[in-house]
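Here is the structure we will look at.
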Amino acid sequence: MPASTTGRTSGNSEKNEIRLQAFLAHCGVASRRASEQIILDGRVCVNGAVVTELGTKVRDGDTVTVDGKTVHLESRKCYVILNKPAGFVCSASDEKGRQVAADLLKDSYKERLYNVGRLDMYSKGMILFTNDGDFAAKLSHPSSQIEKEYIVETSQDIPDDLPAKLEHGVRIEGVFYKPLRVEKLKSRKVRIVLIEGKNREIRRLLESQNIGTRSLVRVRIGNVNLDDLKTGEHRDLTSKEVKGLLDLCN
């Protein structure tokens, strides 16, 4: 086994070492957490040897491959907002053959970008992409407390007392859901702001009140608004937006 994969090297070489999952994130392979699973799945080789230990470290000169393809640290950091259409999944690939949201960026970026957070297949709106592992880790950490705002059109009329009921919190199948803010906009339209955002949280909240969801669009993450970005279109975040998001994590 190469010395760099033992984690026991000493001297100046330690300064150039980096954990394998962090290295993969900086290469734009996936977020740090997703990279851990890629390692555990035996898809990563370091200097020709399959590595499945999360504590593994690599250093300058090591050759790292994922699924047989060599990966490299990317010099340009990208921060992208995509207005995701319905019907696209938020994952690096999909074994069921469904359309992947990241594919909408391939013609514009040579870097390997991955999504920060998720939207379910049937939801639309803002999703962030990056190849900056530290940025993704900070935004994805539960302590970040970044607001995510959604506009939801429903299949049934919304009772006037629904916002207060949802803001008070609802327990569904043993899981407690509590939006930060809920505002009725029209008889069948509501604005919901989440902080944590559990899987399918909004749909489950409304279903618990016998209300179906016709359309769900995420229009804001923290200080970044979807504004007039059209469905399927993307743009780079400004440096001010990137800094603003990171400031919200502190």
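Could you give every pair whose Cβ atoms fall below 6 Å, whose first residue belongs to the range 228-250 and is under 28 Å from Gly87 (Cα atoms) and outside any loop (DSSP other than H, G, I, E, B), and whose second residue is open to solvent by less than 80 Å² (accessible area, probe 1.4 Å) and hydroxyl-bearing (Ser, Thr, Tyr), counting only separations of at least 6 or pairs across chains?
From the range 228-250, the pairs are Val242/Tyr79.
Which residue is nearest to Glu74 (Cα to Cα), if the candidates are limited to the range 133-149 and must be open to solvent by 20 Å² or more (accessible area, probe 1.4 Å) and in contact with a strand residue (DSSP E or B) (Cβ under 8 Å, 6 or more places away or on another chain)?
Our first condition is that a residue be open to solvent by 20 Å² or more (accessible area, probe 1.4 Å); within the range 133-149, this holds for 134, 137-138, 140-143, 145, 147-149.
If we keep only those that are in contact with a strand residue (DSSP E or B) (Cβ under 8 Å, 6 or more places away or on another chain) too, we end up with 140, 147-149.
Numbers: Ser140: 21, Glu147: 29, Lys148: 29, Glu149: 32 Å.
The residue in question is Ser140.
When you scan the range 96-108, do you find a residue that is in contact with a Phe, Trp or Tyr (Cβ under 7 Å, 6 or more places away or on another chain), part of a loop (DSSP other than H, G, I, E, B) and touching a residue at least 40 places away in the same chain (Cβ under 8 Å), even just one?
No, there is no match, as no residue in the range 96-108 is in contact with a Phe, Trp or Tyr (Cβ under 7 Å, 6 or more places away or on another chain), part of a loop (DSSP other than H, G, I, E, B) and touching a residue at least 40 places away in the same chain (Cβ under 8 Å).
Give me the pairs: first residue in the range 182-202 and in contact (Cβ under 8 Å) with a residue 12 or more places away in the chain and of a type in the set (S, T, N, Q), second residue part of a loop (DSSP other than H, G, I, E, B) and surrounded by 19 or more Cβ atoms within 10 Å (Cβ to Cβ), beta-carbon distance under 8 Å, and six or more apart or on different chains, which are they?
Ser187/Ile158
Among the residues of the range 199-215, are any modelled with pLDDT of 95 or more, within 19 Å of the chain's Cα centre (by Cα), part of a strand (DSSP E or B) and exposed (fewer than 15 other Cβ atoms within 10 Å of the Cβ)?
No, because not a single residue in the range 199-215 is modelled with pLDDT of 95 or more, within 19 Å of the chain's Cα centre (by Cα), part of a strand (DSSP E or B) and exposed (fewer than 15 other Cβ atoms within 10 Å of the Cβ).
I'm told Ile158 meets every condition in (1) part of a loop (DSSP other than H, G, I, E, B); (2) touching a Cys at 6+ places or on another chain (Cβ under 9 Å); (3) crowded, with 18+ Cβ neighbours inside 10 Å except one. Can you identify the failing condition by its number?
It fails just one condition, (2).
Which one of these does Lys57 not meet: (1) without any contact (Cβ under 8 Å) to a residue 60 or more places away in the chain; (2) of a type in the set (D, E, K, R); (3) open to solvent by 70 Å² or more (accessible area, probe 1.4 Å)?
Result: Lys57 fails condition (3) only.
For the list (1) at pLDDT 90 or above; (2) part of a loop (DSSP other than H, G, I, E, B); (3) touching a strand residue (DSSP E or B) at 6+ places or on another chain (Cβ under 9 Å), I need the number of the one condition that Gly55 fails.
Condition not satisfied by Gly55: (1).
I'd like to know if the range 21-44 contains one or more residues that are hydroxyl-bearing (Ser, Thr, Tyr), on the phi < 0 side of the Ramachandran plot and exposed (fewer than 12 other Cβ atoms within 10 Å of the Cβ).
There is no residue in the range 21-44 that is hydroxyl-bearing (Ser, Thr, Tyr), on the phi < 0 side of the Ramachandran plot and exposed (fewer than 12 other Cβ atoms within 10 Å of the Cβ).
Quick check: anything in the range 56-69 farther than 19 Å from Glu17 by Cβ and either over 24 Å from the mean Cα position of the chain (by Cα) or of a type in the set (Lys, Arg) (or both)?
Within the range 56-69, one or more residues are farther than 19 Å from Glu17 by Cβ and either over 24 Å from the mean Cα position of the chain (by Cα) or of a type in the set (Lys, Arg) (or both).
Hey, among the residues in the range 72-95 that are in a loop (DSSP other than H, G, I, E, B) and closer than 22 Å to Asn223 by Cα, which one's modelled with the lowest pLDDT?
We begin by selecting, within the range 72-95, every residue in a loop (DSSP other than H, G, I, E, B); these are 72-78, 85-87, 90-95.
Filter once more, so that each one left must be closer than 22 Å to Asn223 by Cα: 77-78, 85, 90.
Details: Lys77: 91, Cys78: 94, Pro85: 96, Cys90: 87.
Going through the qualifying residues, I end up with Cys90.
Just to be sure, is Gly125 at pLDDT 95 or above, small (Gly, Ala, Ser) and open to solvent by less than 10 Å² (accessible area, probe 1.4 Å)?
yes
For Gly174, indicate whether it is of a type outside the set (D, E, K, R), touching a residue at least 12 places away in the same chain (Cβ under 8 Å) and within 17 Å of Asn199 (Cβ to Cβ).
Taking the combined requirement at face value, the residue does not satisfy it.
Do we have any residue at all in the range 3-19 that's at pLDDT 95 or above and closer than 24 Å to Thr130 by Cβ? Even if it seems obvious, please write down each step before you answer.
The initial filter retains those residues of the range 3-19 that are at pLDDT 95 or above, namely none.
No, the range 3-19 has no match at all.
Can you tell me which of (1) assigned to a strand (DSSP E or B); (2) of a type outside the set (Gly, Ala, Ser); (3) over 15 Å from Leu216 (Cβ atoms) is the one Val193 doesn't meet?
(3)
The values are calculated or read from the model by the stated rules, or taken from the named source; none is laboratory data. Every value quoted in this text rests on a predicted model; they were computed, and no experiment measured them. Note: ideal-geometry Cβ built from the backbone for every residue, glycine included; neighbour counts use all protein chains shown. Just the protein is used for accessible areas: all its heavy atoms, side chains included, with ligands, DNA and RNA removed. Shrake-Rupley method; radii C 1.70, N 1.55, O 1.52, S 1.80 Å.
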